[in-house]
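Novice: The structure follows.
The values are calculated or read from the model by the stated rules, or taken from the named source; none is laboratory data. Not measured: the values here are computed from a predicted model. All accessible areas refer to the heavy atoms of the entire protein, side chains included, with ligands and DNA or RNA removed. Shrake-Rupley method; radii C 1.70, N 1.55, O 1.52, S 1.80 Å.
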Amino acid sequence: MNDAIKPGPETPSQAGLPELSVVVPTFNERDNVTVLYRRLEATLSGIAWEVVFVDDNSPDGTWEVVRGLARRDSRVRCVRRIGRRGLSGACIEGILASSGPYAAVIDADLQHDETQLPKMVALLRTGETELVVGSRYVEGGSADSFNKQRAGASQLATEVARRVLKVEVADPMSGFFMIRRDRFEQLAPELSTQGFKILLDVIATAQGKLRAIEIPYTFGSRQHGESKLDSMVALDFLGLVLAKLTHDVVSLRFLLFAMVGGTGLVVHLTALFIAHEILQMPFAEAQAIGALVAMTSNFILNNFLTYRDQRLKGFAILRGLLLFYLVCGVGLLANVGVAFAVFDQEPIWWLAGAAGALMGVVWNYAMSGLFVWRKR
């Protein structure tokens with residue numbers, strides 16, 4: 001373990017600014033960061049470079065290892081994020097905090113081929129391209145390390161991106177690329193900080209105005225740690241596609257919140273039936289129990305699904321649940337108030353009910369984001 005935090009003798013600061021900034025998003029990559037640093041040091045020996053590790057407050061202390069590297073080499077920088085999660089957001093923050101005219105994104109899991117970085121720099125230097133993508137799906141590239149399930153999911157997502165978003169890149173799902181930082185800064189305000197597919201977001205946001213070249217590389221096998229991708233990545237991908245198709249008018253988070261609200265109605269009616277019909281409780285008490293059970297169910301699902309990147313843990317769960325009860329209580333009053341107002345103007349029960357329900361879900365969503373799952 002001591003070897004992981006002793007990168008060797010100090011390297012003197014290079015004169016002037018770096019030409020290349022390598023951005024590395026990390027989460028629980030303690031065993032990999034020093035190995036990657038050593039590889040970058042060997043590969044980029046003829047290039048002025050820096051590496052910016054953006055760590056999402058890893059429980060394994062990845063940021064401590066990076067700080068150890070930074071004390072010995074001024075080219076190493078550490079951005080430790082607290083209260084924020086997500087690969088895309090980490091990449092955006094890292095690139096915007098970088099100094100070089102060229103910025104590369106590479107994973108810390110050692111699956112990307114860092115030896116391609118000098119070739120990428122050379123291509124950007126010519127001025128003929130603004131983006132160089134490390135591609136697994138052009139001639140000479142390979143993703144043989146993928147298992148059958150992951151390979152199928154990657155190919156499906158790639159096909160959807162190319163057909164739906166009109167992305168003309170063979171591997172828009174790649175996490176290994178290099179871009180001119182000035183062009184990235186122009187696109188950054190329109191990029192999503194959620195999810196994992198930052199390259200797809202960049203290409204889709206540019207709407208064909210970003211000159212790109214793909215170079216082949218072989219996707220390697222993870223050496224240490226666990227993949228940061230989980231079963232919910234499909235939702236992130238769907239959300240990104242939906243956002244780009246609607247020019248960010250439709251939010252997947254809002255749709256998930258509304259969907260959870262729909263399941264809450266089922267939970268409410270089920271609890272009401274059990275309490276009133278089976279346990280023979282008075283209707284008022286049964287209705288209150290149904291509402292309480294539904295709100296609790298909604299909170300749990302939203303914490304797990306809708307706000308999984310800001311998931312509450314420990315004591316914060318109880319505090320968040322109480323705030324959610326309060327928010328939903330006010331939302332119910334807003335629901336009823338709007339419904340009565342609409343019914344007075346136009347006595348159509350379903351229209352008034354729908355207007356009230358929409359008001360309720362919008363209120364609950366807005367206030368939940370502000371008070372329950374607010375970013376810290």
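Novice: Can you bin every Cα-Cα distance in the stretch 247-376 into 5 Å intervals starting at zero and give me the percent of pairs per bin, rounded to whole numbers?
Specialist: 2, 11, 17, 20, 19, 16, 10, 4, 1, 0, 0
Novice: In whole Hz, what ³J(HN,Hα) sequence does the stretch 85-100 give by Karplus (6.51, -1.76, 1.60; θ = phi - 60°), x for Gly and Pro?
Specialist: After applying 6.51 cos²θ - 1.76 cosθ + 1.60, I find 9, x, 5, 4, x, 5, 5, 4, 4, x, 5, 5, 8, 7, 10, x Hz.
Novice: Moving on to the next point. Which whole number of Å³ per residue matches the convex hull of the alpha-carbon atoms in the stretch 235-315?
Specialist: 108
Novice: Turning to a different aspect of this structure: Only Cα pairs within less than 10 Å get springs; with that Gaussian network setup on the chain, which residue of Val342, Val202, Val241 has the largest fluctuation?
Specialist: Of the options given, Val342 has the highest mean-square fluctuation.
Novice: Largest first and in whole Å, give the semi-axes of the stretch 64-114's equivalent ellipsoid, each being the square root of 5 times a Cα gyration tensor eigenvalue. Mind dumping the intermediate values first?
Specialist: Working: eigenvalues 58, 47, 37 Å².
Its equivalent ellipsoid spans semi-axes of 17, 15, 14 Å.
Novice: Another question, if that's okay. Once the cut-off is 26 Å, how many percent of the Cα-Cα pairs in the chain end up in the long-distance tail?
Specialist: Numbers: 41369 of 70500 pairs.
Result for the distance tail: 59 percent.
Novice: Could you check how much of the accessible area of the chain is carbon and sulfur, as a whole percent, using a 1.4 Å probe? Don't skip to the answer; put the middle values down first.
Specialist: Working: 11380 of 18670 Å².
The C+S portion of the solvent-accessible surface of the chain is 61 percent.
Novice: Follow-up. Could you tell me how many degrees, from 0 to 90 and to the nearest 10, lie between the Cα long axis of helix 33-43 and the main elongation axis, the longest principal axis, of the Cα atoms of the chain?
Specialist: Compared with the principal axis, the helix lies near 40 degrees.
Novice: Choose one answer from Arg80, Arg71, Arg181: the residue with the largest mean-square fluctuation in a GNM of the chain with alpha-carbon springs under 10 Å.
Specialist: Evaluated over the chain, the most mobile residue of the options is Arg71.
Novice: Over the chain, average the accessible area per residue using a 1.4 Å probe and give it in Å², no decimals. Can you show the working numbers first?
Specialist: Numbers: 18670 Å² over 376 residues.
The answer is 50 Å² per residue.
Novice: From the P(r) of the stretch 94-135, could you give the percentage of C-alpha pairs in the tail past 17 Å? Before the final figure, lay out each step's value.
Specialist: Working: 308 of 861 pairs.
Result: 36 percent of Cα pairs exceed 17 Å.
Novice: Please count, across the chain, the pairs of lysine residues with Cα atoms under 14 Å apart that sit 8 or more places apart or on different chains. Please list the in-between numbers first.
Specialist: Values: Lys166/Lys209; Lys166/Lys244; Lys197/Lys228; Lys197/Lys244; Lys313/Lys375.
Lysine pair count for the chain: 5.
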